[in-house]
Every structure is written in structure tokens, then in C-alpha cells.
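Take a look at the structure set out below.
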Amino acid sequence: MTSRLRRMALLTVALLAVFTIAAGAAVAQLLPARLALWQIPRVAGEPLTAPRSVLAVASGAPPARAVTAAGLSARLSATLALPALGRRVAAVVADAATGQILFSRNADSAFTPASTAKLATAVAALHLLGPAARLSTRVVTGRAPSSVVLVGGGDPTLAAGRPPASDYPQPATLASLAAKTARALRARHRRSVRLGYDTSLYTGPQLAPSWPSSYVSTGNVSPIVALEVDQGRLTASGAPQDADDPGNFRPRSLTPAADAAAAFAARLVAHGIRVRGQPRPVTAPAGAVTIASVASPPLAEMVGWMLTESNNVIAENLARQVAIAAGRPATFRGAAAAVMATDQRLGVRGMRLVDGSGLSPDDRITPRALVQLVTLAARPADPGLRPVLTGLPVAGFSGTLAAGGSVFGAAGPAARGVVRAKTGNLTGVAALAGVAYASNGQLLAFAFMADQVPRNGLNEGAGALAALAGELASCGCH
């Protein structure tokens, strides 16, 4: 009896399966064509396109047919001669795995680097501070029992309120710091305070001597101080812009520290702490007790943020952190000297900097030095520098190499996804430095520079440099 019941059960299941398949086929015939998207994923029988690596660690193993100097010369010379690049043009291409120079034109001539100078700041900061370093903003006890001091730690990513969840990395916020501070004050039975703010970590001018004042009014940078929020970016109403918006070209705050302190005071009030009087600039007393603190994202993430969107405020703050770590004054001059000295100890020669962002027209870097910085970041022996490569804009996809991201954003098909590079442009200046995979799989480091681009011809000059990177990505250049 039991075996008979088992046979009947199996037969029933089989009939149900047949019915289900038949019904499914009938329904599928009735569905509109658009719902054909509801297909079970299938593996293609043959490759749809040749796979290419986007970014790999340089291993040192040569490809089957390596790129040659003659091949590169044949491929690059016509574009380098374009009138759009002007009379002073330089190009260096090297094997990223070995550092061997494969193509060189004006390699040791000093050019205005524009924002490619951020590569020097990134390498120095990662080397000296380490990729896991974080920068703290603190609230400490003041000189009077009822006073507290907001101490700027030079965190260039600090926000006033919480940014959109889509922003990456998520920065520390004054909103969080105010909540922690209010809890600590209530635990001390304090419901009102006087607030001071301390920016003494940095000294010297807040704008580099060679920067025109229009840099602030056109939204390129804010005055560089140890305490500010949202990189000085403001909304149309004049409030701090709690969002990472590199497309905001409104004038930035001229008083970023005072604005940050006011934003912090307002948030203390929202948490039930009365702030008596206006926040005022002070120096925190020696040995002051920390009441609350918040920390920035890791340095590796800040470097990526800086390079991807060419963020000048982050660059200048990181350069000052290099100066502090090196025991130099946290000024423009001290920061530039510390960056150059740190990179020089790593073997990079050919830099004369006056700031950390490349905004100054007085900065000078050779294309060989830019290639040296890139190849340092590609070395397997120093993975701590790898965020320099992973943080670079990707042609056709991200940052200043995305479509519409800058004057360099028109990447050709060969460059998309396989060229990563730092862009740089000032009046009459275009520069591009990074890595590209040749079609044989060889990882190439490159620097292309032109600092006498014809007047009103920046778009064409930058386009020519982007085309050179595309030439690298599309050639075997044997």
C-alpha cells in the first residue's frame, strides 16, 4: 500500500510540472515584447568584446611585444605638433612597471603644471601621514569654566550639516559634533556657554601671494584656514552648502572660520545649549580637556576626493598637514617646501612649488617629475601610495575626465575606462598626467604639458592632450 501511494504521489508531481511549464509558455506568448526583459540570465556562447583590465598592479613582467620609442614617436608626433597646443609642448611616456622612459620631449623643461601639481601633494601626504590618517575637529574647555572652544584641525571635508547619503565619502559634520558636545555639557550640568573658535593650527596669509582674488569670487577656492565647512561653498541664500557640488561656482565664503563657528553655535542651541554672545576667535588654552570630537574620512579617501574633482581646498589643507608632520610652518611657503622635500626623498626631482593645489601660475614642474610621481604610485613595493592611482579621474566616466566634467571631458572610445589621469588647466595652460593601458596590455605612465596654449584656445588644447592619451590607449606602438 505504501509503495502504491508513493507512485501516485510521484505521478501527481510530474503532471503538475508538465502543466506549469505548458502554462508558462502560453503566458509568455501573451506578454508584450518589452517584458522579454524577464528572461533568465544566460551566459554568452562566445565573448561579446575583448576583455581589458581597467587598473592592475604593475607587475614588471613585459608584454609579448613591448611598446617602443619608435612606435610612440610615430603615433604621437602629429598630435604634438598641432597648433592648438602652442609653441611650448612636452611629453613623457614611461613603462609604469619599470619606470623606463619610452618617449621624451622636453622632459626636463619646467612647465606650469596647473592642477597636475596635486599629484605631488597627494604622494607627499600619503607617504608622510599614511592612507589611514584622519583629521580631527574638537571642542575643548576654555579659559573660563563656562566657555568652550571649537578647535579647527584642518579637516578640509568637514560639513556643517549632514550631506546627501549619495555623497562619498561621508564627511564629519558639525551637526554630529554639536550633538556630542551638548551631551557632554549636560553631563557636566551646563546649559549655557560662551563659544570661541581656534584657527591657530595654520599661520600666514590665507591666500597665496600669486592667487588673484577672483579665485574666491569665481568659486575655485576659499581662504585657507584650519576651520571651515563645506570648503567655503555657499547656497544662493549664503548658508553653507551641505553637499559635495564641484559645479557650484558661486563666490565662496570670505570668512569661513566665523561661518563654521556660527553654524556650530546654531546647532548647539538646537540641542538645548544656550550660547551667550557671538562666537569669537581665541586660542585654546594649553592642556585644555577635549569635550567632544569628530574625525575626517581616511586620508586615502580624501586624496581620491581631491584628485577626482580637482578640489583646491582639500589640496591646500593636505599640503599644510604635510608641513605640520615635517615640522615646518603651516603656511603656503612651508607647505610647498614640505611637499617638495618629501617627494624629493622619494626620488622626484624637477619641482618648484608655491602652493599645494597648482592654482598658482608661479608653480613649475617638469613632465619627468609628473611621470615619476605616477610611477611611484604604481609600484607594488609601496601600496600606501596606490590611492593616487585609484583616485584619478577615469576617462569617460568620472571627475574631470567625465563627459562635461572639464575641458578634458571628451574622451575618445579607446580611452574610455582605460585612461586615468589628473587634469590641469589655467589661462593658457593645459596639462594631463596619469596612466593608460596600451592595446598590448602594457601599463604606461604619461605626462603631456603645454603652457603657451593660444588665447581662447583652451578647449582645443585640452582636447589635443586628451587625444594623446587616447593614442596611448589605442596603440601597440611596437
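The values are calculated or read from the model by the stated rules, or taken from the named source; none is laboratory data. On a predicted model such as this, the values are computed, not experimentally measured, just so you know. Positions of Cβ are generated from backbone atoms using ideal geometry, with glycine treated the same way; all protein chains shown enter the neighbour counts.
Go through 97, 91 for me and flag whichever is assigned by TED's automatic domain parsing to the domain that holds residue 336, within 30 Å of residue 432 (Cβ to Cβ), at pLDDT below 95 and aliphatic (A, V, I, L, M). Steps first, please.
Details: 91 fails: at pLDDT below 95.
97 is the lone residue from the list that is assigned by TED's automatic domain parsing to the domain that holds residue 336, within 30 Å of residue 432 (Cβ to Cβ), at pLDDT below 95 and aliphatic (A, V, I, L, M).
Going by the structure shown, is residue 272 in contact with a helix residue (DSSP H, G or I) (Cβ under 7 Å, 6 or more places away or on another chain) and more than 30 Å from residue 121 (Cβ to Cβ)?
Working: in contact with a helix residue (DSSP H, G or I) (Cβ under 7 Å, 6 or more places away or on another chain): yes; more than 30 Å from residue 121 (Cβ to Cβ): yes.
For residue 272, the condition - in contact with a helix residue (DSSP H, G or I) (Cβ under 7 Å, 6 or more places away or on another chain) and more than 30 Å from residue 121 (Cβ to Cβ) - is met.
Scan segment 377-397 residue by residue and report those that are touching a strand residue (DSSP E or B) at 6+ places or on another chain (Cβ under 6 Å) and in a loop (DSSP other than H, G, I, E, B). Explain how you work it out, then say what you get.
At the first step, the residues of segment 377-397 found to be touching a strand residue (DSSP E or B) at 6+ places or on another chain (Cβ under 6 Å) are 392, 394-395.
Residues satisfying the conditions are 392, 395.
For the structure I just gave you, tell me whether residue 400 is assigned to a helix (DSSP H, G or I), touching a residue at least 60 places away in the same chain (Cβ under 8 Å) and polar (S, T, N, Q). Even if it seems obvious, please write down each step before you answer.
Working: assigned to a helix (DSSP H, G or I): yes; touching a residue at least 60 places away in the same chain (Cβ under 8 Å): yes; polar (S, T, N, Q): yes.
Against the criterion (assigned to a helix (DSSP H, G or I), touching a residue at least 60 places away in the same chain (Cβ under 8 Å) and polar (S, T, N, Q)), residue 400 qualifies.
Please tell me if residue 105 is in the same structural domain as residue 268 (by TED's automatic domain parsing) and not polar (S, T, N, Q). Can you show your working first?
Numbers: in the same structural domain as residue 268 (by TED's automatic domain parsing): no; not polar (S, T, N, Q): yes.
In short, no.
Which of the numbered conditions does residue 165 fail, given that it passes all the others? Conditions: (1) in contact (Cβ under 8 Å) with a residue 12 or more places away in the chain; (2) surrounded by fewer than 22 Cβ atoms within 10 Å (Cβ to Cβ).
(1)
Conditions tested, residue by residue: (1) in a helix (DSSP H, G or I); (2) hydroxyl-bearing (Ser, Thr, Tyr); (3) assigned by TED's automatic domain parsing to the domain that holds residue 309; (4) buried (at least 19 other Cβ atoms within 10 Å of the Cβ).
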residue: 368; (1), (2), (3), (4): yes, no, yes, yes
residue: 375; (1), (2), (3), (4): yes, yes, yes, yes
residue: 407; (1), (2), (3), (4): no, no, yes, no
residue: 420; (1), (2), (3), (4): no, no, yes, yes
residue: 423; (1), (2), (3), (4): no, yes, yes, yes
residue: 436; (1), (2), (3), (4): no, no, yes, yes
residue: 444; (1), (2), (3), (4): no, no, yes, yes
residue: 447; (1), (2), (3), (4): no, no, yes, yes
residue: 456; (1), (2), (3), (4): no, no, yes, no
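Just to check your reading of the model, which residue among 181, 199 is among the β-branched types (Val, Ile, Thr) and out of contact with any Pro (no Cβ under 9 Å at 6 or more places or on another chain)? Give the derivation first.
Working: 199 fails: out of contact with any Pro (no Cβ under 9 Å at 6 or more places or on another chain).
Unique residue meeting the criteria: 181.
Yes or no, residue by residue, for (1) crowded, with 22+ Cβ neighbours inside 10 Å; (2) touching a residue at least 24 places away in the same chain (Cβ under 8 Å); (3) closer than 19 Å to residue 222 by Cβ; (4) outside the structural domain of residue 156 (by TED's automatic domain parsing):
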residue	(1), (2), (3), (4)
262	no, no, yes, no
276	no, yes, no, no
286	no, no, no, no
292	no, yes, no, no
322	yes, yes, no, yes
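With 132, 144, 74 as the choices, which residue is in a loop (DSSP other than H, G, I, E, B), surrounded by fewer than 18 Cβ atoms within 10 Å (Cβ to Cβ) and modelled with pLDDT under 95?
Details: 132 fails: modelled with pLDDT under 95; 74 fails: in a loop (DSSP other than H, G, I, E, B).
Of 132, 144, 74, the one residue that is in a loop (DSSP other than H, G, I, E, B), surrounded by fewer than 18 Cβ atoms within 10 Å (Cβ to Cβ) and modelled with pLDDT under 95 is 144.
Please work out which residue is modelled with the highest pLDDT, limiting yourself to segment 390-404 and to residues that are aliphatic (A, V, I, L, M) and surrounded by fewer than 24 Cβ atoms within 10 Å (Cβ to Cβ). Even if it seems obvious, please write down each step before you answer.
Step one: filter segment 390-404 for residues aliphatic (A, V, I, L, M), giving 392, 394-395, 401-403.
From what's left, surrounded by fewer than 24 Cβ atoms within 10 Å (Cβ to Cβ): 394, 402-403.
On the way: 394: 96, 402: 93, 403: 89.
The selected residue is 394.
Quick grid of which residues meet (1) free of Cβ contacts under 8 Å to residues at least 60 places away in the same chain; (2) assigned to a loop (DSSP other than H, G, I, E, B); (3) on the phi < 0 side of the Ramachandran plot; (4) in the same structural domain as residue 161 (by TED's automatic domain parsing):
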{"residue": "184", "(1), (2), (3), (4)": "no, no, yes, yes"}
{"residue": "195", "(1), (2), (3), (4)": "no, no, yes, yes"}
{"residue": "215", "(1), (2), (3), (4)": "no, no, yes, yes"}
{"residue": "224", "(1), (2), (3), (4)": "no, yes, yes, yes"}
{"residue": "231", "(1), (2), (3), (4)": "no, no, no, yes"}
{"residue": "237", "(1), (2), (3), (4)": "yes, yes, yes, yes"}
{"residue": "247", "(1), (2), (3), (4)": "yes, yes, yes, yes"}
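Kindly check whether there is at least one residue in segment 272-281 that is within 17 Å of the chain's Cα centre (by Cα) and of a type outside the set (A, V, I, L, M).
So the first thing to find is which residues in segment 272-281 are within 17 Å of the chain's Cα centre (by Cα), and the list is none.
The answer is no, given that none of the residues of segment 272-281 is within 17 Å of the chain's Cα centre (by Cα) and of a type outside the set (A, V, I, L, M).
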